[in-house]
Amino acid sequence: MTMPGNDSFNAAGAMTALLVRAIEEVFGPGADRVAFGAVTWADLGATLCFLLVALLVNGLAVAFLRRKIHDTARSESKQVRHHVFHALGRPLYLLIWIYGIYVSATPLLSKLPPDEGLHVVREFFDKLFDLGVFAVVFWLFFRFTRVLELRLAAFAAKTESKLDDLFVPLVGKSLRVIVPVVGIILALPLLGLPAEYAGLLAKGTSILLIVAVALIAFQAVNLGEKAVLTEYDINVADNLQARKIYTQVHVISKTLYVIIGLFAVASILMLFEEVRRFGTSILASAGVIGIVLGFAAQKTIANLFAGFQLAMTQPIRLDDVVIVEGEWGRVEEITLTYVIIHIWDDRRLVVPLSYFIEKPFQNWTRTSADLLGSVFVWVDYSLPLDETRKALKEIIEPNALWDKRFWNLQVTDATEKTMQIRVLATAADSSQSWDLRCDIREKLIAWVQQHHPHSLPHFRTRIGGVNADALPKP
């Protein structure tokens, strides 16, 4: 196999010969003297000249690109050029030095005696040069993908569609995945590895392609999820529809992640002959294995199907207020196998998905977040109810937690000692309802203590046949 570096080496050898002859003519016969080994002073002078030329070319490239970057940075219309020049800088400097070192080493390598492995050294140096040039070009294309992403982002910023803002990062991430994989695949032939490694290389490149496609598929699913959810805000007060969509999208996206991952792993395993033979034997006995796996993983499969049922029927949704196992909390996360309930005191309750299909539970935000809160207070029969209603009106109606829909006071129970009054008041959600009930309870008890202290619950007794309530009050 003829490497591209061989042509470069021959061209460098021709330039070296011309430069050595020029040095010999300028400095005379002394330039032909041996410095070390078979290398003459003229050869060292040619190496130094090549290094100086590389340094000069690198300096000119640095000055040119810095001036261009500085000039284009001030103009909005030249931002694309600015990013192109900025991306071109470091790869170009490295490419100049790779060529400079390669050409500078030619006078020394050409003097190696054949019996000291000249062919091996030159072949190694050619491969190293080819890989270096390829790496620089690959790095340059990789940096240009960032320029393309910035250009697309600038274009998307001028449009009103939010989908463009999500599509641009997908293109950038996909290119950053594809470019390295393609670069590695193209660089492998340059190594000139023996034929016995061809099968291993083919499998390696196939695995890289499968992984790259899987990563792009993951990003596409993530983009689709964001594209759907961008139209719904779960942080607004009335977020019922948003919570429905969030729940369905999250469950479906996680299912797609699992499916993509399984297909990627299966595709990689099928590249190996041993696994394919094992897979064929599995398929031959699929009936028996299916029954065994069905019994062994019935709980997992039940939870998986429960996840689909939950996503479609939605007895619970993300951010729903629920009471599960006597605990009050909000649905924080729904996975393919379990649900995380954020308890009010910052504990987390982990519940399998099948629980919400098989067992009863309370969902306080199933159709809306509005709630009717109740406050129960036991008082004496002597408490004037009309006056209490007027006091409650002054307590509830100015309260910012009350949503101005409804409130009332009723006597809901009576015993031989006290009567029970119930206050109902509406609130926008469960958190506000809880705070409103606590506030009503505190202020109502304080009002009774201040205005009707004798109407607090107490026991009546008779002393010597006289009713204690008939005695003069202190």
_Around GLU327, under 15 Å between beta carbons, what's the net of Lys plus Arg minus Asp minus Glu among the other residues?_
-1
*Built amide H within the under 5 Å cut-off of ASP320, gap 5+*: VAL331
*asked:* Between GLN309 and LEU262, what is the label-point separation in nm under the 7 Å Cα-to-beta-carbon projection?
replied: 1.9
*With r defined as the distance between the Cβ atoms of ASP71 and VAL171 and R0 fixed at 35 Å, what FRET efficiency is calculated, to the nearest 0.05?*
0.75
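Could you give the length gained on full extension between LEU55 and LEU201, defined as 0.36 nm per residue of separation minus the Cα-Cα distance, in nm?
Working: separation 146, 0.36 × 146 = 52.56 nm, distance 3.86 nm.
That pair, LEU55 and LEU201, stretches by 48.7 nm at full extension.
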*Evaluate E = 1/(1 + (r/R0)^6) for GLU333 and SER431, where r is the Cβ-Cβ distance and R0 equals 22 Å; express this FRET efficiency to the nearest 0.05.*
0.70
*FRET E, pair ILE357, ARG405, Förster distance 30 Å, beta-carbon r, rounded to 0.05*: 0.35
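Report the gain in length on full extension from LEU385 to THR367: 0.36 nm times residue separation, minus Cα-Cα distance, nm rounded to one decimal.
3.0 nm
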_Integer Hz, Karplus 6.51/-1.76/1.60 couplings in order for region 211-220, x for Gly and Pro_ = 4, 5, 5, 5, 5, 5, 5, 4, 5, 5
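Values quoted throughout were computed directly from the atomic coordinates according to the rules given, and no laboratory measurement underlies them. Here the structure is a predicted model, which is why all the values come from computation and not from measurement. Here Cβ is always computed from backbone atoms with ideal geometry, including for glycine, and neighbour counts include all displayed protein chains.
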